[in-house]
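Colleague: Before I ask anything, let me first share the structure, which is written out below as structure tokens.
The values are calculated or read from the model by the stated rules, or taken from the named source; none is laboratory data. Not measured: the values here are computed from a predicted model. Positions of Cβ are generated from backbone atoms using ideal geometry, with glycine treated the same way; all protein chains shown enter the neighbour counts.
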Amino acid sequence: MSIQNFEILESADDRTLSAGVAARLRADILNGALAPGSRLAMTDLTKRYGAGMSPVREALSRLLGEGLVQTEGQRGFRVAAMSRADFNEIVMLRQMVEEAGVRAAIEKGDEEWEASLVAAFHLLERRHALLQERATDEALAAYEEAHRRFHFAIIAGAGSARLSRMQQRLYEEARRYRLLFYKKHVAGSAVDFAEAGTVHREILDAVLARDADRAAEILRGHVTLIEDFDPEE
């Protein structure tokens, strides 16, 4: 029976539990607790997350769709591998989607969308200030969530659910690389968060000015801020 067919037989409790397992598994992958390429044995996962086979299978299916997990045919699942080539491809696709998205959002977005974007930026600015004061794991996690919301708020103005889903999937795949970069370099103060704050303000200003060319140009550069990072080193 396929995972897709298996979903039909799940109860509401299973689906709720699988969402929790997926959240914990996603965090373990993004934080590096589960190494890239490592095998995800069902028996190990059921013990690790205290859940049955059905919720774990559904969680794996979700993360498969997010690109964080890979299948091995009939042999099960592994944490998706990481490589410079994979990161380059993610960056290229993000540039295409972010550019198309911001142009569509600027064309179609209304005042309500502008207000939601300003609110998202305000939260990002506050979290950014906190991160500059102390680069703790908690501050970084809070900043990352606000950063995610800001980028999603931009493309939301396009009014395309499909485009937003594409953006969100690529963002999550890129986030794994970004978090690994932070893990390796934040402690040594190699990340210039001040520059990131300036870039986000420039993006907001360009979008509110309805300058599609400028907004697209900044976003294209923004998604390559860690272009010199090699995840295999």
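Colleague: With respect to the numbered conditions (1) at pLDDT 90 or above; (2) in a helix (DSSP H, G or I); (3) surrounded by 13 or more Cβ atoms within 10 Å (Cβ to Cβ), which one is the sole condition not fulfilled by LYS47?
Modeller: LYS47 satisfies all of (1) at pLDDT 90 or above; (2) in a helix (DSSP H, G or I); (3) surrounded by 13 or more Cβ atoms within 10 Å (Cβ to Cβ) except (3).
Colleague: Inspect all residues belonging to segment 108-130 and state whether any of them is at pLDDT below 85 and surrounded by fewer than 16 Cβ atoms within 10 Å (Cβ to Cβ).
Modeller: Looking through segment 108-130, none of the residues is at pLDDT below 85 and surrounded by fewer than 16 Cβ atoms within 10 Å (Cβ to Cβ).
Each row is one residue, and each column tells you yes or no for (1) surrounded by 20 or more Cβ atoms within 10 Å (Cβ to Cβ); (2) outside any helix (DSSP H, G or I); (3) at pLDDT 90 or above; (4) over 11 Å from the mean Cα position of the chain (by Cα).
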site	(1), (2), (3), (4)
GLN132	no, no, no, yes
ALA139	no, no, no, yes
GLU144	no, no, no, no
ARG148	no, no, yes, no
HIS151	yes, no, yes, no
LEU179	no, no, no, no
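Colleague: Which of the residues spanning segment 73-118 are at negative phi and not in a helix (DSSP H, G or I)?
Modeller: PHE77, ARG78, VAL79, ALA80, ALA81, MET82, SER83, GLY109, ASP110
Colleague: Tell me yes or no: at least one residue of segment 73-85 is of a type in the set (S, T, N, Q), surrounded by fewer than 17 Cβ atoms within 10 Å (Cβ to Cβ) and in contact (Cβ under 8 Å) with a residue 60 or more places away in the chain.
Modeller: For segment 73-85, residues of a type in the set (S, T, N, Q), surrounded by fewer than 17 Cβ atoms within 10 Å (Cβ to Cβ) and in contact (Cβ under 8 Å) with a residue 60 or more places away in the chain: present.
Colleague: Only one residue in VAL191, VAL186 is modelled with pLDDT under 95 and not in a helix (DSSP H, G or I). Which one? Explain how you work it out, then say what you get.
Modeller: Values: VAL186 fails: not in a helix (DSSP H, G or I).
From the options VAL191, VAL186, the qualifying one is VAL191.
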